[in-house]
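A short write-up of the structure that comes next.
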């Protein structure tokens, strides 16, 4: 006879291998490579296909002729015309010309057929050009000219402690830290959404394929649930790891090719520990909730319950707000509250200094909630399979879920 | 392993699926639970295997000098009414997984797979996904999953459903072998002709209740609602002549010389024969016992009508 752990691991292994298919793995990596390559080269592709815009430029009554030093704008060709050609140029809009620009001293008007993105480039280039002309017209000394032209701003230095000493963090490192939190969020999305799809299949399809009764005489609902949750969680971690490693390799290749050397993310030990504890238990929590919900669905094609399964995905969405304001009271609450901490604590740790007691409290609450939810999931599963063709009511679900 | 079911009742939301059912399954017996769809057989089986529990009454299972409230996990094989294994896994993967969960070693699993796949002519298809197999072949895989760990007790819920006559015979052969090996078998079915050939005892159910139980002879006695004897006279006789014999309730004319005589239960056939010989010479005199199927239909038909009438009331 197998003991409890053996049975749980047998189920976990089966569930993992059931969804792990080499061909699909290679195909998804291929798709990722293709997607990344398209994303990287998107600007060049668009530039290649972008047309050259012909802009007729002419003075109005207030000016004799168009100034000679018009700014250079990518993919824009200036066609200088006398003011008398205005009417003919306007009639040729959309045909011979993409725009007609009227210059009246410092006032510039661009006539076009439709609003388009490329007009922003002309707008910004001409604004700089006009500002420069205004500054030049007041006869400043070179020093005054340089002082006025230099944009105002303040220097922001990020301080961090290295070996007991406070040092100013360099810009690449800070950009890297932002990448860490962004990366965690992206991986969380991948992990949680993988769990959503797989758990639906693992439980509702199984109920429909009538596998349930045969297997439930071999083990308890709790053993089966635990095995499924672990198996699907391992699959989520596999998806996250595959994507994470792939992105790191790709960034390194780009970094090396562009002459910036090996790409290294500034990840700390605490980041890794937080990721293991919170994302690991967080995925178990999410998959337990998904399993519980899925167990109450008799037929996914005729049930409204699959929508409820989206609820466990909300905390990942909330993490966006934590990224921008990691020190706020709301972010602190979200990072301790057990149903949201798995997604928000890793982001806070990557973005700011988190007091150790908050970290410990959040971890303890999360682990306790995981224990409770996996028990509830097994109870719900037991309820779902003994109703034979009927879905339990919300009242029954609530009463079963809260009973330990 | 023995099972004692005592006054078990199980109700779902709007239906009482099992009503005060009582019977026993002794070690080494083949006991058949018989009844039409909705008779309560599967509900009873689910309580036996521990998937659900009785509302009232009790189930006791004795095994290795211990008593359990349902069959102890791992000590029995179960073929559920709702068949199903993983359609997107191969036949071998499915059976290996079941074997592993039963605690079988790899060598034991391989040995059993070799034997059963050969026996069911499925060796060539071992690496095909289950969904590629016919319904009958999938049924065989289910049966292998039930028997591969050589359990001392087997519960088979509708083992013949979905099988053609050839495969029904194969299953009957397997059940005979189990019986010879001393395995206790409880099977539910509604193919009475098949079960009659095999079962030591039968439990007939209808609308959740046990209608009759025992050996085939016992059941025939319990369900026989009239005592019918067929008589072949040497020369033609009239029903009126027969009805004048003491103890005769009715006489159905089959041919001018052959009649079915329905007599009162307290009239012995020997008394009847002696009286009939006074009417004329007799060539054949034999008790007419309908088969189990007909008896069951008679009994259940009446009960169904009675139930429906009481519902209306």
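The values are calculated or read from the model by the stated rules, or taken from the named source; none is laboratory data. All of these numbers come straight from a predicted model, not from anything done at the bench. So basically every Cβ, Gly included, is an ideal-geometry build from the backbone, and we count neighbours across all protein chains shown.
Can residue B:91 be described as within 13 Å of chain A (Cβ to nearest Cβ) and more than 18 Å from residue A:2 (Cβ to Cβ)?
no
Can you say whether residue A:322 is part of a helix (DSSP H, G or I) and surrounded by fewer than 18 Cβ atoms within 10 Å (Cβ to Cβ), as far as the supplied structure shows?
no
Criterion first (within 22 Å of the chain's Cα centre (by Cα), surrounded by fewer than 17 Cβ atoms within 10 Å (Cβ to Cβ) and either at pLDDT 85 or above or within 10 Å of chain A (Cβ to nearest Cβ) (or both)) does residue B:152 satisfy it?
On the way: within 22 Å of the chain's Cα centre (by Cα): yes; surrounded by fewer than 17 Cβ atoms within 10 Å (Cβ to Cβ): yes; either at pLDDT 85 or above or within 10 Å of chain A (Cβ to nearest Cβ) (or both): yes.
Against the criterion (within 22 Å of the chain's Cα centre (by Cα), surrounded by fewer than 17 Cβ atoms within 10 Å (Cβ to Cβ) and either at pLDDT 85 or above or within 10 Å of chain A (Cβ to nearest Cβ) (or both)), residue B:152 qualifies.
Restricting attention to the range B:51-58, does a residue exist that is buried (at least 23 other Cβ atoms within 10 Å of the Cβ), in the same structural domain as residue B:193 (by TED's automatic domain parsing), farther than 21 Å from residue B:192 by Cβ and over 14 Å from the mean Cα position of the chain (by Cα)?
Checking the range B:51-58: not a single residue is buried (at least 23 other Cβ atoms within 10 Å of the Cβ), in the same structural domain as residue B:193 (by TED's automatic domain parsing), farther than 21 Å from residue B:192 by Cβ and over 14 Å from the mean Cα position of the chain (by Cα).
What's the total number of residues in the range B:49-71 that are farther than 19 Å from residue A:384 by Cα and at the interface with another protein chain (Cβ under 10 Å from one of its Cβ atoms)?
So the answer is 2.
Quick check on my filter: what residues within the range B:131-149 are within 13 Å of chain A (Cβ to nearest Cβ) and either in contact with a helix residue (DSSP H, G or I) (Cβ under 6 Å, 6 or more places away or on another chain) or under 23 Å from residue B:186 (Cβ atoms) (or both)?
Applying the first criterion (within 13 Å of chain A (Cβ to nearest Cβ)) to the range B:131-149 yields B:131, B:135, B:138-139, B:141-149.
B:138, B:139, B:141, B:142, B:143, B:144, B:145, B:146, B:147, B:148, B:149, listed by residue number.
Is it the case that residue B:299 is at pLDDT below 90, within 24 Å of residue B:5 (Cα to Cα) and in a loop (DSSP other than H, G, I, E, B)?
no
Name the pairs whose Cβ atoms lie under 6 Å apart, with the first residue in the range A:31-57 and outside any helix (DSSP H, G or I), the second loosely packed, with under 11 Cβ neighbours inside 10 Å and at pLDDT below 85, and 6 or more positions between them or separate chains?
Cβ pairs passing all conditions: none.
Quick one: which residue in B:164, B:232 is over 16 Å from the mean Cα position of the chain (by Cα), at pLDDT 90 or above and farther than 21 Å from residue A:214 by Cα?
B:232
Specify which of the listed residues (A:201, A:243) is surrounded by 15 or more Cβ atoms within 10 Å (Cβ to Cβ), within 20 Å of the chain's Cα centre (by Cα) and at pLDDT 75 or above.
Result: A:243 is the single residue among A:201, A:243 that is surrounded by 15 or more Cβ atoms within 10 Å (Cβ to Cβ), within 20 Å of the chain's Cα centre (by Cα) and at pLDDT 75 or above.
Give the residues of the range A:217-252 that are part of a helix (DSSP H, G or I), within 14 Å of chain B (Cβ to nearest Cβ) and within 30 Å of residue B:69 (Cα to Cα), sorted by residue number.
Result: A:221, A:222, A:223, A:224, A:226, A:227, A:228.
Residues checked against (1) at pLDDT 90 or above; (2) under 24 Å from residue A:215 (Cα atoms); (3) touching a helix residue (DSSP H, G or I) at 6+ places or on another chain (Cβ under 7 Å); (4) buried (at least 16 other Cβ atoms within 10 Å of the Cβ):
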residue	(1), (2), (3), (4)
B:4	yes, no, no, no
B:10	yes, yes, yes, yes
B:16	no, no, no, yes
B:26	yes, no, no, no
B:49	no, yes, no, yes
B:100	yes, yes, yes, yes
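Could you name every one of the helices (runs of 4 or more DSSP H) located completely within the range A:77-172 that has at least 2 residues being at pLDDT 90 or above and farther than 30 Å from residue A:266 by Cα? Before you say what the answer is, go through the steps one by one.
Working: elements: A:86-91, A:118-136, A:142-149.
Counting at least 2 such residues, we get A:86-91, A:118-136.
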